1. Region 361-423: D in µm²/s via Stokes-Einstein (Kirkwood Rh, Cα pairs, 4 °C, 1.567 mPa s)?
2. Suppose all protein chains stay in the model; what accessible area per residue would a 1.4 Å probe give for region 12-51, in Å²?
3. If R0 is 51 Å, what FRET efficiency do you get for Gln103 and Ala360 from their C-beta distance, rounded to 0.05?
4. At 222 nm, what value in deg cm²/dmol follows for the chain if DSSP H runs of at least 4 each add -39500 (n - 2.57) and the sum is divided by all its residues, to the nearest 500?
5. Restricting to region 282-418, compute how many DSSP beta bridges are antiparallel as a %, nearest 5.
6. Pop the C-beta distance of Val128 and Asp153 into the FRET formula with R0 = 22 Å and round what comes out to the nearest 0.05.
7. Checking the cross-link filter: which lysines have an alpha carbon closer than 20 Å to that of Lys358, excluding same-chain neighbours under 8 positions apart?
8. Taking only the C-alpha atoms, wrap a convex hull around region 237-378 and report its volume per residue in Å³ as a whole number.
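The values are calculated or read from the model by the stated rules, or taken from the named source; none is laboratory data. Since this is a predicted model, take the numbers as computed values, not measurements. Virtual Cβ from ideal backbone geometry, glycine too; neighbours counted across all protein chains shown. When the accessible area is computed, the model is the full protein with side chains, heavy atoms only, and any ligands, DNA or RNA have been set aside. Shrake-Rupley method; radii C 1.70, N 1.55, O 1.52, S 1.80 Å.
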Amino acid sequence: MPLTDWTIDSWKRYPAAQQAEYDDPEHLNRVLEQLRRLPPIVTSWEVEQLKRQIAQVGRGERFLLQGGDCSERFADCQAHIIDAKLKVLLMMSAVLVYGGGKQVVRVGRIAGQYAKPRSSNTETRDGVTLPSYRGDLVNRIEFTPEARRPDPDRLLEAYSRSSITLNFIRSLLSGGFGDIHHPEVWDLDFVSHAERPQEYLELVDNLRSSLRFLDAMVGRPVSELARVDFFTCHEGLHLPYESAVSELPPLRDRWYLLSTHFPWIGDRTRSLDGAHVEFFRGLANPMGVKVGPTMQPEELVALIERLNPDDEPGRLTLICRFGADKVARLLPPLIDAVQRSGRFVTWCCDPMHGNTYKTADGTKTRHFDEILSELDQSFEIHADAGTILGGVHFEMTGQKVTEVVGGARGLTEADLAAHYESDVDPRLNYEQALEMAFLIARRMAGRR
Ligand code: PEP
Ligand code: CO
């Protein structure tokens, strides 16, 4: 049902955290006007389709895999980088489908993940204070006044790069990229260092022969018959931008954010009386809310009621991120409160953001084992409560970066400097991401 007390601009009456401060409002307005006239990047039909699939995730009929960079960079809008990211997400999903026996909903943190919340509005180096870097959507990372000045033209640049990225992804998928039964696509060298190499190699072998079998039955590659679904998500942070790229499509009675399928509200902007919750409550999209350690049970229930007043299945995904050392204490009371409210939510675990720490030399990292531990505990807590952990949310890349320690190759803190690329949070690399999928598939199949 459309809300009668909401408009596309009503968020402007509420305090908005984490916003860029532009020194030329007229310039910003001109850019927003241009954005309003551009065609959408996704359609409301796709958005509704994803919402139905996320409702199935909430009921345990499908599994949700969300993953991608903490923050995309304009410079990374390159074929081989997008291709590698898509490839690892598809491989992970194939492992999860095969091992877990459920259809997987793939949602990339891609084609628009350009805005970042920051712990401080400014950054000071050697006595010089400048605005913080807020992601490529807003400014540049170099520490100069010119680079750090929020530039409205970057909104247009972000919109076109999002669109170029998704266009390329759609082409790859329609051209049979989903065709991962080619052995040369799977780089499994690392598996020999894992605990159960034989089991993983067999899983991939069986997966490939099933695909070959299907091809033979059908008489041509199955990838020619059906395209794998792929959806996008990003943090809905920059409200002038997100509202400018929202539409009331013809024949619909609600507004849709059409720069992505699935926006989420970050842990730092989910305040009940803030502008983000006001803006997102009026949209029809399926959406996520990050749920961190400070969330109180009654606050969570109020947030669910505010963001999903009609209790629409698939509408709301709670993306929990506490940390391996906190999840056992903090998650059960929240599950309990949601259960008692009788509301439909889809539960997802982000085992990345609660497990970040700094090494002695100040490098941000996370440990593979802690990521896995938060996941394991979350699966168990939900099983004990009789609820369903429907999905996982990772920061990951298809590149061979060294940002997260641990995993089959046993990356150490001393290895991090070799290929550390992220400007923000550390990501699982190709091997660590695939290994994580093997481990989750085992758990979905009831093995530990
Ligand atoms: C993120 O997902 O990159 C992020 C900033 O997360 P959170 O809002 O959970 O801190
Ligand atoms: Co992050």
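1. Answer, rounded: 96 µm²/s.
2. 64 Å²
3. For Gln103 and Ala360, the calculated efficiency is 0.70.
4. -12500 deg cm²/dmol
5. 20 percent
6. 0.35
7. Within reach: Lys116, Lys326.
8. It is 126 Å³ per residue.
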